[in-house]
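Q: One structure, as structure tokens, below. Some questions next.
The numbers here are math on the coordinates, done by the rules we state, and not lab data. Because the structure is a prediction, the values reported are computed rather than measured. With ideal geometry, Cβ positions are generated from the backbone for all residues, glycine too; neighbour counts draw on all protein chains shown.
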Amino acid sequence: PSVRILFVGNSLTYTNNLPALVVSIGNAQGKSVYSETLANPNYAIEDHWNDGTMAKLICEGDFFFFVIQQGPSSQSDGRIMLIDYGQRIKDICSSRGTALAFFMVWPAKSNYHTFDGVIKNYTDAASVTNSILCAVGLRFKEYGDRGDYRFYSSDNFHPSSEGSQMAAEII
């Protein structure tokens, strides 16, 4: 059987075409993987919820996994959004037999000091909603704590090609 994945997020998802990398890895492992992507610049989960396209895709598609991502979300408003909208999305996913996965991202290098908040908020959102956590941000931090920022692109926020490849392997 094929595995269909819906990716919803922003530029951290579409930079280097992360969904295509996930499909390529799955297909190389002998699985039949397909993906669809809904990712807009500077979008948060709330924005995707409010414009209605995401819910429509979940309800009309036959997805096995739904991978959601928003910005770093280290602050309290980002935490509330991850948990509140994450639960709303989880309810729709559960009604469709779709597994929800949170794609944990990372802060801009200039905000590296907020990394613990990013990790906590994404971890808590996945836990509260009983969802999967794709802890990509943890790997970014493991390397960054050693002074190795290879997963960041030259803008010090978006992923490098190597960062997207690593993210795809975790997802």
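Q: Charges at C-beta only: +1 for Lys and Arg, -1 for Asp and Glu. How large is the resulting dipole of segment 17-111 about its Cα centre, in Debye rounded to 20?
A: Once rounded to the nearest 20, the dipole reads 300 debye.
Q: Quickly estimate the mean residue ellipticity at 222 nm for the chain, helices only: each DSSP H run with n ≥ 4 gives -39500 (n - 2.57), and the total goes over all residues, rounded to 500.
A: Value at 222 nm, helices only: -14500 deg cm²/dmol.
Q: Straight-line reach from LYS56: which lysines have Cα under 25 Å away, leaving out those fewer than 8 places along the same chain?
A: In chain and number order, the partners are LYS90.
Q: Let me ask you something else. For the chain, what is the relative contact order in percent, using Cα pairs closer than 8 Å and at least 6 residues apart in sequence?
A: Relative CO of the chain lands at 24 percent.
Q: State the antiparallel share, in %, of DSSP beta bridges confined to the chain, rounding to the nearest 5.
A: Of all bridge pairs located within the chain, approximately 5 percent are antiparallel.
Q: Report D for the chain in µm² per second (integer): Stokes-Einstein, Kirkwood Rh on Cα pairs, 10 °C, 1.306 mPa s.
A: The Stokes-Einstein estimate is 100 µm²/s.
Q: Rounded to the nearest 20 Debye, what is the dipole magnitude of the chain about its Cα centre when Lys and Arg each give +1 and Asp and Glu each give -1 at the C-beta?
A: 280
Q: Can you run phi through the Karplus equation (6.51, -1.76, 1.60; θ = phi - 60°) for segment 30-43 and list ³J(HN,Hα) in whole Hz, with x for Gly and Pro?
A: After applying 6.51 cos²θ - 1.76 cosθ + 1.60, I find x, 9, 9, 10, 10, 9, 10, 10, 10, 9, 10, x, 6, 8 Hz.
Q: Residue by residue through segment 96-109, what is 3J(HN,Hα) from phi via Karplus (6.51 cos²θ - 1.76 cosθ + 1.60, θ = phi - 60°)? Round to whole Hz and write x for glycine and proline.
A: Couplings: 9, x, 9, 7, 8, 10, 8, 8, 5, 9, 8, x, 4, 4 Hz.
Q: Considering the options SER73, VAL22, ASN42, tell which one lies farthest towards the positive end of the dipole of the chain, charges being +1 on Lys and Arg and -1 on Asp and Glu at the Cβ, about the Cα centre.
A: VAL22
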